[in-house]
Amino acid sequence: MESSDSVRGCAGTAEARAGMEYAQDATAEIGRRLRDLRRERGLKQSDLAGEGMSVSYLSLLESGKRPVTPVILRRLAAELDCTVEYLRTGAASDQELERQQQLLLRTTLAELALRGGELGAALAACDAVLAEEPPADPATRRRAEIARADALERLNRPADALAGLRELYRDEALGPGSAEWLRLAVALCRCHLLAGEPASAVEFGRAALARLDAVLAPPTEDHLGLGVVLIEAHHRAGALAAAKELADRLLPHAERAASPAARATAFRQASRRAQQRGETALALILAERALALPAEDELARHLGLLKAGYGSLLLDGPAPEPGQAKKYLALAGTELARCGRPLDRAGCELSLARADLMLGQYADGAAHAERALDLVGRQYSGLGVWAWLQLGEARRLQGQEQAATAALRTVELLLGEAEARLAGGRERAEAWRALGDQWLGHGCPDAAMNAYRQGLAAAGLSGAAPLRAVLRPSEP
C-alpha cells in the first residue's frame with residue numbers, strides 16, 4: 001500500500017504538470033493574438049523588431065515557443081495600439097469595448113444612410129470608420145468596406161469599388177451561403193458589368209454560382225441576386241443561349257417564392273451536409289442563415305430584376321417576342337417601382353421602350369425612354385446613352401425629325417465627354433456603332449462615318465476621328 005507521502009508526491013507532480021500545460025497554452029494564446037493583431041494592423045515582423053527583440057525572437061513569440069516578458073509585452077502593446085491586458089487575456093478594456101461599439105454604431109448608421117439613398121454621406125461615414133486608429137474589429141471593418149463599395153458602385157464609380165471587393169471576397173472567414181459572401185459576390189459581378197467588363201463578370205459570376213450550387217441545392221431565392229446579374233452579364237457578352245438557360249432555371253423561383261420557413265429548412269439541410277463533411281465553419285454560417293430571414297424588399301427586388309432580365313432576353317433572341325416580353329416587363333416594373341433602385345427601374349423602362357418600338361407603339365416607347373432618362377439623370381451613364389438612342393429612334397418613327405436629331409446630338413455629346421475622361425470599352429464602342437446606324441437611318445452618312453470611327457477607336461482598333469467633326473455632323 002502506498003504511503004500518504006507518496007500519494008501527495010504524485011498529486012503534486014500532476015498539479016505541476018497541469019500548471020505547465022496551462023502556462024504553455026497561455027503562451028500560445030498570447031503568441032496567436034500578437035500575430036493576428038500585427039496582421040490586422042498591416043505590419044511585418046520586421047516592423048516590430050528592434051532593440052532587444054529580433055525578428056527571429058518575435059517569430060518564436062508568435063508561434064508560442066517562448067514566453068513573453070513583461071517588458072516586451074508592454075512594448076508590443078504600445079506598438080500595436082492595444083492594452084497589455086488584451087495581449088495577456090484577450091479581454092478588451094471597458095473603454096475599448098465602448099469605442100468598438102461606437103464604431104459599429106457609426107457603420108450601421110452609414111448602412112442606413114446608404115439604404116436611404118444618401119450615398120455621399122454613407123461613403124464619408126465608411127471612410128471615417130476605416131481610417132480609425134486603432135482600427136475597428138475585423139467584422140465591423142468588413143461591414144464598413146462592403147457598405148463603402150456599395151456606395152461607390154451606386155455613385156457610378158465601379159472601378160474604385162472593385163479593388164476593395166476583390167480583397168474582401170478572398171476573406172476565408174466568409175463562406176458561400178453567408179449573407180456577406182452573397183452580397184460581395186453579387187456586387188463584384190455587377191461592378192465588372194458597370195466597368196464595361198462583361199467577360200470578367202461572366203467568368204466571376206459562373207464561378208461564384210457554382211460555389212453557391214455546391215452548398216445550396218436545389219436553388220433557393222439566394223440564387224436570384226447572383227443569377228440576375230449573371231444573366232445580364234451573359235446577355236451583354238452576347239451569350240444569349242447561356243443567359244436564357246440560366247433564366248429558365250431560375251424563373252420558377254420568381255413565380256413561386258418560397259416561404260421563410262421553407263428557406264430556413266433549405267439552409268438547415270445545407271448546414272447538416274456541411275457538418276457531415278467536416279466543414280464546421282461553413283455549417284455554422286449556414287445554420288445562422290437559417291435563423292435570419294431575408295429582407296423582404298431585397299427579395300422582391302431580385303424577383304423584379306429576374307423578370308426584367310427575362311423580358312429583355314425575349315427581345316434579343318433570334319425570334320423576338322415583344323408582346324410576351326412586355327408581360328414580364330410590366331410585372332417587373334410593378335415590383336421595382338416599390339423596392340427597386342433608380343437604375344433597376346431605368347433598365348426596365350428602357351426594355352419597355354424597345355418592346356413598344358418593336359410593336360409599333362412609338363408614343364409609348366418614347367414615354368418609357370423619357371422615364372428612363374428621368375431616373376438616370378442627364379449626365380453620362382451607359383443606360384442614359386441607350387435611353388437617348390431609344391428616344392431618338394422613337395421620335396424618328398413618330399416623324400418628329402427635329403426632336404430625333406436633337407436626341408442623337410445629345411448622344412454624341414455624352415459619348416464625346418466620356419471618351420475624354422475614360423478609356424475605351426466595348427459598351428461605348430457598341431453605343432457609337434448604334435449611333436452610326438441611326439444617323440444612316442436619318443440620311444446623314446458623314447455623321448454616321450464619324451460615329452463608326454469613334455466606335456473603332458473605343459474598341460482600340462483605330463485612331464479617333466477629330467472630336468470637332470463628331471460634335472457637328474453634317475445636316476441631312
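Computed from the coordinates by the stated procedures, all read-outs in this text should not be read as laboratory data. Model, not experiment: these values are computed from the prediction. No Cβ is skipped: glycine too gets one built from the backbone with ideal geometry, and neighbour counts run over all protein chains shown.
Cβ under 13 Å from ALA113's Cβ, ALA113 left aside: what net charge do those residues give with Lys, Arg +1 and Asp, Glu -1?
0
What lysines sit close enough to LYS307 to cross-link, taking a C-alpha to C-alpha distance under 21 Å and skipping anything fewer than 8 places away on the same chain?
The qualifying lysines are LYS244, LYS326, LYS327.
Give the order of SER351, SER59, SER271 when sorted by the count of other beta carbons within 10 angstrom, beginning with the fewest. Kindly include the intermediate steps, with their values, before the conclusion.
Details: SER351 28, SER59 15, SER271 22.
In order of increasing Cβ crowding within 10 Å: SER59, SER271, SER351.
Give me TYR57, TYR328, TYR452 ranked fewest to most by other Cβ atoms within 10 Å of their Cβ, as a rough exposure proxy.
The fewest-first ordering by Cβ neighbours comes to TYR57, TYR452, TYR328.
Where a ≥ b ≥ c are the square roots of the eigenvalues of the C-alpha gyration tensor, would you call region 74-209 rounded, which needs a/c under 1.5, or, failing that, prolate if a/b is larger than b/c, or oblate?
prolate
Test of understanding: ordering TRP432, TRP386 by Cβ neighbours within 10 Å, fewest first, what list do you get?
Neighbour counts put them in this order, fewest first: TRP386, TRP432.
Of the peptides 304-317, 98-111, how do they stack up when ordered by the mean number of other Cβ atoms within 10 Å, highest first? Walk me through the numbers on the way to the answer.
On the way: 304-317: 23.7, 98-111: 16.9.
Highest-to-lowest ranking by the protection proxy: 304-317, 98-111.
Excluding residues fewer than 8 places away in the same chain, name every one of the lysines whose C-alpha is closer than 27 Å to that of LYS65.
Qualifying lysines at Cα under 27 Å: LYS44.
Classify region 353-456: rounded, prolate or oblate, from the alpha-carbon gyration tensor (a ≥ b ≥ c, eigenvalue square roots; a/c under 1.5 rounded; otherwise prolate if a/b is larger than b/c)? Walk me through the intermediate numbers first.
On the way: a/c = 1.99, a/b = 1.31, b/c = 1.52.
Oblate, because a/c is 1.5 or more while a/b does not exceed b/c.
GLY177's amide H: which non-local residues (gap 5+, or another chain) put their own amide H closer than 5 Å, with H modeled 1.01 Å from N in plane and none for Pro or chain starts?
For GLY177, whose amide H was placed from the backbone, the distant partners under 5 Å are LEU182.
Scan region 140-241 for GluC sites (Glu not before Pro) in coil per DSSP, keeping those whose Cβ has at most 13 other Cβ atoms within 10 Å, and list them by number. Write down the numbers at each step before the final one.
Working: sites: GLU145, GLU153, GLU167, GLU172, GLU180, GLU203, GLU221, GLU232; in loops: GLU172, GLU221.
Here the GluC sites (Glu not before Pro) that fit, given the DSSP loop and packing criteria, are GLU172.
What does the charge count near ARG142 come to, summing +1 for each Lys or Arg and -1 for each Asp or Glu among other residues with Cβ under 13 Å from its Cβ?
Surrounding charge for ARG142 is -4.
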